[in-house]
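The values are calculated or read from the model by the stated rules, or taken from the named source; none is laboratory data. Quick caveat, the model's predicted, so the values are computed rather than measured. Every residue, glycine as well, gets a Cβ built from its backbone with ideal geometry; the counts of neighbours run over all protein chains shown. Protein only, heavy atoms only, side chains kept; ligands, DNA and RNA dropped before computing areas. Shrake-Rupley method; radii C 1.70, N 1.55, O 1.52, S 1.80 Å.
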Amino acid sequence: RGPLAGELQAEGIPVYSLGKRHRGAMGPLLRLAHVLRRERVEILHTHNWSPNFWGRLVGRAVGVPIVITTEHSMVEARRHGARWANRLLAPLADRIVAVSETVARSHQKSEGIPPARFVTLHNAVPVPTLPERAEARRLLALESHERILLCLGRLDQPKGQAHLLKAMPAILQHAPQVRLLLAGDGPLRPTLEGDATGPMWGCSWQRRMPS
């Protein structure tokens, strides 16, 4: 169900869990078809490879009028068979949403999907009121001569923050004035905290600015 299920239900929005736990399971697809028919769904919007693949097939099979898929990642991360299947099924989607122009171009070039099928909608997040530069440096305990290397994103394996931490000693040898700031949260946070406070750093992980 995921962390948003409760919030959606609190707003009166129905939430259905299809119970898909592994590849090749047919039960979730039958449940999806049942929900689409029963609720007379008019727009089916799916995200990423597996939901996009099955959503297009099931949605069209039960007669959903509008099917939209969303691509979050570069196509180079996929195997050749997945690229071929995505290209074959692209005509079943009324629109393909990409989260950036780079992602859209990646699929257009590698999968041969016409640009006219794509629309770019950048990821949107609420932006709080931020302090001015000098005040931000004061809150972060940064000196005026220190250069900031900011990595902003989900603290998870695909984002690569662990590689950046491993590279920092070499970076500091050439540019000792650099200070690395990791902004975000996620499942790798405890591991990254441990790496950042290890013996090669001699420093501590701090939540320096309010969330």
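For segment 46-55, the condition holds for no residue, the condition being that it is open to solvent by 20 Å² or more (accessible area, probe 1.4 Å) and over 30 Å from LYS159 (Cα atoms).
This table checks each residue for (1) assigned to a helix (DSSP H, G or I); (2) closer than 22 Å to THR120 by Cβ.
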residue: SER17; (1), (2): no, no
residue: GLY24; (1), (2): no, no
residue: LEU32; (1), (2): yes, no
residue: LEU57; (1), (2): yes, no
residue: THR70; (1), (2): no, yes
residue: LEU89; (1), (2): yes, yes
residue: ILE96; (1), (2): no, yes
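Sort out which residues of segment 192-211 are modelled with pLDDT of 85 or more, open to solvent by 40 Å² or more (accessible area, probe 1.4 Å) and under 10 Å from LEU165 (Cβ atoms), and write them in order of number. If the condition is that a residue be modelled with pLDDT of 85 or more, open to solvent by 40 Å² or more (accessible area, probe 1.4 Å) and under 10 Å from LEU165 (Cβ atoms), then no residue fits.
Taking the conditions (1) within 19 Å of the chain's Cα centre (by Cα); (2) open to solvent by 70 Å² or more (accessible area, probe 1.4 Å) in turn, HIS22 satisfies each one other than (1). On inspection, ARG31 fails the criterion of being free of Cβ contacts under 8 Å to residues at least 12 places away in the same chain, among the basic types (Lys, Arg) and open to solvent by 50 Å² or more (accessible area, probe 1.4 Å). Among the residues here, VAL41 does not qualify as free of Cβ contacts under 8 Å to residues at least 60 places away in the same chain and part of a strand (DSSP E or B). On the basis of being among the β-branched types (Val, Ile, Thr), open to solvent by less than 20 Å² (accessible area, probe 1.4 Å) and under 23 Å from PRO158 (Cα atoms), does VAL64 make the cut? For VAL64, the condition - among the β-branched types (Val, Ile, Thr), open to solvent by less than 20 Å² (accessible area, probe 1.4 Å) and under 23 Å from PRO158 (Cα atoms) - is not met.
So that you can scan it fast, the table gives a plain yes or no per residue for (1) at negative phi; (2) modelled with pLDDT of 95 or more; (3) touching a helix residue (DSSP H, G or I) at 6+ places or on another chain (Cβ under 7 Å):
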site	(1), (2), (3)
GLN9	yes, no, no
GLY27	yes, no, no
LEU36	yes, yes, yes
GLU42	yes, yes, no
THR46	yes, yes, yes
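Residues that are of a type outside the set (Lys, Arg) and either assigned to a strand (DSSP E or B) or without any contact (Cβ under 8 Å) to a residue 24 or more places away in the chain (or both) within segment 141-167 comprise GLU143, SER144, ILE148, LEU149, LEU150, CYS151, LEU152, PRO158, GLY160, HIS163, LEU164, ALA167, listed in sequence order.
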